[in-house]
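Quick notes on the structure that follows.
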């Protein structure tokens, strides 16, 4: 009997291909950033702050009640031996990820009148809070379904399938619905309805994509309590605490600010933090793209050879460093011009934005270790970083907030916790798995990337002194040029060659190399 052919090795080329399509998919976050100034213009800073608080709450609840199923599929689906096992993992994720969210949505809708007074909002929006909760809470099961469906596609290494969903339907349709409902006189209520409409369309289209990459018939047959279902359930639970804490770092600060400051001030502070977080997510986008790709690739590589994991780990860290450092420097230097898009009130968020930008850059460079730890290491080790990061953030907030103001203090404490939470998995991999990304090639990439980032930041600082209509496009061009220079002159040739035709078109290497 002939031996089964060995699966192909997982290399930097696989990472590069996944990153390209995933970055396009995650550009929905950029569309969302562009939409935020329009939301502030239409609904006011305090109204936008109420929306930001409710959406942050939905995200937090969903991240708890989905029981870690989005991450669990990144571990179990790539290791499935058949389509039936992959379908069993998806079925388990849908049952335990969406089911609790439906129950919670019903309960929250029933008790909306009791929950509404807990939020600080502008006086003119007070009567809207309870109806808004009753409407917007149905985003909870819709969002859980979309998250699990798109995670199932990534687990199949279909990295570009989110492009149409995340950009066209989820973000652009949301903006179009919001504009239409605002023009129709619905006011702030129209923004909540627009969000629901865009999620409903996205969920419907997610089903079509799932039917292409999973055997839907297998969802209804086969053992519902087999090994795959059991492994998916326990993998999700093991990742749940770290997922919850990670989401807390993104969304809890807006809730905390809303509770700390009374009335419209609380809503405005939540809105300002959300603005800073959305702008800094341009840097976070780099890490998220690599994280989405690394989880299934690391799981696949681990089945074959630990050396492949080490190679793609080092490669991803070099690429992130070359991109995130200059991007964060340019955006921080041009932060005043960026915030001008949101009106004069937004300038008070400049310190928070700069802090978050550099924290996200550090998190991006260190945090690629997290998906690798989740896929190859023991489940209990994933809790250490989350618990310590949360404890450090709480302790820092306790010491800082009273001295530098609520917005800056909460942001700084959050940023310190983010960096700690990203650094610990890297240390764990180094100590427990003998894996680290800092090889000789990284020692060349880091100083060159820092030098280019410093020069680009200085150029962006000068550009920000120009009138905003001139400064904003100039800052964008400086950011793109800085990233190109960093990739061209900081990355080793092998890394640039891995980009294939894209790298050739961008002139990242000479000649006709593949």
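Before we move on, is residue 475 crowded, with 21+ Cβ neighbours inside 10 Å, touching a helix residue (DSSP H, G or I) at 6+ places or on another chain (Cβ under 7 Å) and under 28 Å from residue 443 (Cβ atoms)? Steps first, please.
Values: crowded, with 21+ Cβ neighbours inside 10 Å: yes; touching a helix residue (DSSP H, G or I) at 6+ places or on another chain (Cβ under 7 Å): yes; under 28 Å from residue 443 (Cβ atoms): no.
So residue 475 fails the test.
I'm checking my understanding of the structure. Among residues of region 186-196 that are buried (at least 20 other Cβ atoms within 10 Å of the Cβ) and free of Cβ contacts under 8 Å to residues at least 40 places away in the same chain, which one is nearest to residue 129 (Cα to Cα)? Spell out how you get there, then give the answer.
Restricting attention to region 186-196, the residues satisfying the condition of being buried (at least 20 other Cβ atoms within 10 Å of the Cβ) are 188, 190-192, 194-195.
Imposing the further condition that a residue be free of Cβ contacts under 8 Å to residues at least 40 places away in the same chain reduces the set to 190, 194.
Values: 190: 13, 194: 16 Å.
My answer is 190.
With the checklist (1) more than 30 Å from residue 348 (Cα to Cα); (2) in contact with a helix residue (DSSP H, G or I) (Cβ under 6 Å, 6 or more places away or on another chain) in hand, flag the one item residue 427 doesn't pass.
Of the numbered conditions (1) more than 30 Å from residue 348 (Cα to Cα); (2) in contact with a helix residue (DSSP H, G or I) (Cβ under 6 Å, 6 or more places away or on another chain), the odd one out for residue 427 is (2).
If you take the residues of region 501-514 that are closer than 21 Å to residue 444 by Cα and in a loop (DSSP other than H, G, I, E, B), which of them is modelled with the lowest pLDDT?
Step one: list which residues in region 501-514 are closer than 21 Å to residue 444 by Cα, which gives 503, 507-510.
From what's left, in a loop (DSSP other than H, G, I, E, B): 507-510.
Details: 507: 85, 508: 84, 509: 77, 510: 73.
Going through the qualifying residues, I end up with 510.
Is it the case that region 146-161 has a residue that's part of a helix (DSSP H, G or I), within 26 Å of residue 256 (Cβ to Cβ) and at pLDDT 80 or above? Give the derivation first.
Keep residues of region 146-161 that are part of a helix (DSSP H, G or I), which gives 146-155, 159-161.
Still in the running and within 26 Å of residue 256 (Cβ to Cβ): 147.
If we keep only those that are at pLDDT 80 or above too, we end up with 147.
Yes, there is a match, as at least one residue in region 146-161 is part of a helix (DSSP H, G or I), within 26 Å of residue 256 (Cβ to Cβ) and at pLDDT 80 or above.
Hey, any hits in region 57-65 for a residue that's out of contact with any strand residue (DSSP E or B) (no Cβ under 9 Å at 6 or more places or on another chain), touching a residue at least 40 places away in the same chain (Cβ under 8 Å) and not in a helix (DSSP H, G or I)?
Going through region 57-65, the residues out of contact with any strand residue (DSSP E or B) (no Cβ under 9 Å at 6 or more places or on another chain) turn out to be 57-65.
Then drop every residue that is not touching a residue at least 40 places away in the same chain (Cβ under 8 Å), which leaves 57-65.
With the extra rule that they be not in a helix (DSSP H, G or I), the set shrinks to none.
Looking for residues that are out of contact with any strand residue (DSSP E or B) (no Cβ under 9 Å at 6 or more places or on another chain), touching a residue at least 40 places away in the same chain (Cβ under 8 Å) and not in a helix (DSSP H, G or I), one finds none in region 57-65, hence no.
The conditions are (1) more than 23 Å from the chain's Cα centre (by Cα); (2) crowded, with 19+ Cβ neighbours inside 10 Å, and residue 234 fails exactly one of them. Which is it?
Status for residue 234: all satisfied but (2).
Which one is modelled with the lowest pLDDT among residues in region 259-270 that are out of contact with any helix residue (DSSP H, G or I) (no Cβ under 6 Å at 6 or more places or on another chain) and in a helix (DSSP H, G or I)? First the steps, then the outcome.
Here is the first cut: in region 259-270, the ones out of contact with any helix residue (DSSP H, G or I) (no Cβ under 6 Å at 6 or more places or on another chain) are 259, 262-263, 265.
Right, trim to in a helix (DSSP H, G or I) and you get 259, 263, 265.
On the way: 259: 84, 263: 76, 265: 80.
Going through the qualifying residues, I end up with 263.
Any residue at all in region 457-466 that is within 27 Å of residue 313 (Cα to Cα), outside any loop (DSSP other than H, G, I, E, B), in contact (Cβ under 8 Å) with a residue 60 or more places away in the chain and out of contact with any strand residue (DSSP E or B) (no Cβ under 8 Å at 6 or more places or on another chain)? Before you say what the answer is, go through the steps one by one.
Narrowing region 457-466 to residues within 27 Å of residue 313 (Cα to Cα): none.
Checked against the condition, which is being within 27 Å of residue 313 (Cα to Cα), outside any loop (DSSP other than H, G, I, E, B), in contact (Cβ under 8 Å) with a residue 60 or more places away in the chain and out of contact with any strand residue (DSSP E or B) (no Cβ under 8 Å at 6 or more places or on another chain), region 457-466 yields no hits at all.
I'd like to verify a number: residues in region 243-258 that are farther than 16 Å from residue 65 by Cβ and modelled with pLDDT under 85, how many?
2
Results for (1) surrounded by fewer than 22 Cβ atoms within 10 Å (Cβ to Cβ); (2) touching a strand residue (DSSP E or B) at 6+ places or on another chain (Cβ under 9 Å); (3) modelled with pLDDT of 85 or more, shown as yes or no for each residue.
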site	(1), (2), (3)
34	yes, no, no
45	no, no, yes
55	yes, no, yes
68	no, no, yes
76	no, no, no
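Could you count how many residues in region 478-500 are under 18 Å from residue 454 (Cβ atoms) and assigned to a helix (DSSP H, G or I)?
The qualifying residues number 12.
Being more than 23 Å from the chain's Cα centre (by Cα) and either modelled with pLDDT under 85 or under 19 Å from residue 60 (Cβ atoms) (or both) is the filter; apply it to region 90-106 and report the residue that is surrounded by the most Cβ atoms within 10 Å (Cβ to Cβ).
Only one residue fits best here, namely 105.
Kindly list, by first and then second residue, each pair from a residue in region 379-404 that is more than 12 Å from residue 424 (Cα to Cα) to a residue that is surrounded by fewer than 15 Cβ atoms within 10 Å (Cβ to Cβ) and modelled with pLDDT under 90, limited to pairs with Cβ atoms under 9 Å and residues at least 6 apart or on different chains.
Listed pairs, sorted by first residue: 379/234.
Since residue 82 meets every condition but one in (1) more than 21 Å from residue 373 (Cβ to Cβ); (2) at pLDDT 80 or above; (3) surrounded by fewer than 24 Cβ atoms within 10 Å (Cβ to Cβ), which condition does it not meet?
(2)
Determine whether residue 491 is at pLDDT 95 or above and surrounded by 15 or more Cβ atoms within 10 Å (Cβ to Cβ). Step through it out loud before you land on a result.
Values: at pLDDT 95 or above: no; surrounded by 15 or more Cβ atoms within 10 Å (Cβ to Cβ): yes.
No, not satisfied.
The values are calculated or read from the model by the stated rules, or taken from the named source; none is laboratory data. Everything quoted here is computed from the prediction, not taken from an experiment. Cβ atoms come from the backbone with ideal geometry, glycine included; neighbour counts cover every protein chain shown.
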